[in-house]
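This report concerns only the one structure given below.
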Amino acid sequence: MTVMSDRPVDSERAPLAATVIGWAGVIPFVVGAVGPMVIGDLGTAAFIAFATSVYGALVLSFLGGIRWGMAMSPLYGSARTHGFVLSIVPPIAAWAALILSGFEGQAVLIAAFVLQAWLDVKAVGEGRAPLWFAPLRVRLTAAAIVALLVTAVVEMAVISV
């Protein structure tokens, strides 16, 4: 299936493809939050919770790639260097979250998602990203954070017994 949009990139409304793909990317977070609650086997529930952390780490790395791409735009001097440096923060945070795992790992993921969303909104304000990017990123980040919070609580309550 091909999803096409006739909206210009600088429109305030996100292209349909970005919206559909973005929300599809939230599905594994939701499965990770709900899965451990409905699965009776603690080993499987623990695996699903861990897999959710791994998925969150992958998404953070992807967001770091977006930041790297923004740094390659027409920036000069220290602004470009600053952009490249910030682009490696999400994958480093993701790596740390996986090393910590459990509640501490989820907390690192949540903090990194919040920071990344703030930086993305800031990039829109600075004209380095299209207008539609900020609201889409805030909504997707909010959904991911809620799912990660639920996953952390379920992990503590159900899996850690």
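Here are some notes:
- Computed over the chain, the per-residue total of -39500 (n - 2.57) for DSSP H runs of n ≥ 4 gives a 222 nm mean residue ellipticity of -25000 deg cm²/dmol, rounded to 500.
- Taking V54, V34, V85 in turn, the Gaussian network model of the chain (Cα-Cα springs below 10 Å) assigns the largest fluctuation to V85.
- Gaussian network model of the chain, Cα within-10 Å springs - most flexible of V38, V124, V138: V38
- DSSP H segments from the chain that extend 15 Å or more along their own axis, Cα-based, with Kyte-Doolittle mean of -1.0 or above: 27-38, 42-71, 89-100, 102-125, 133-154
- Local electrostatic count, S53, Cβ distance below 14 Å [Lys/Arg +1, Asp/Glu -1]: -2
- In the set (i) 16.2; (ii) 15.7; (iii) 16.6, the label that goes with Kirkwood radius over Cα pairs in Å computed for this structure is (iii).
None of the figures in this text is laboratory data; all of them are computed from the coordinates on show. Bear in mind the structure is a predicted one, so any value in this text is a computation, not a measurement. Every residue, glycine as well, gets a Cβ built from its backbone with ideal geometry; the counts of neighbours run over all protein chains shown.
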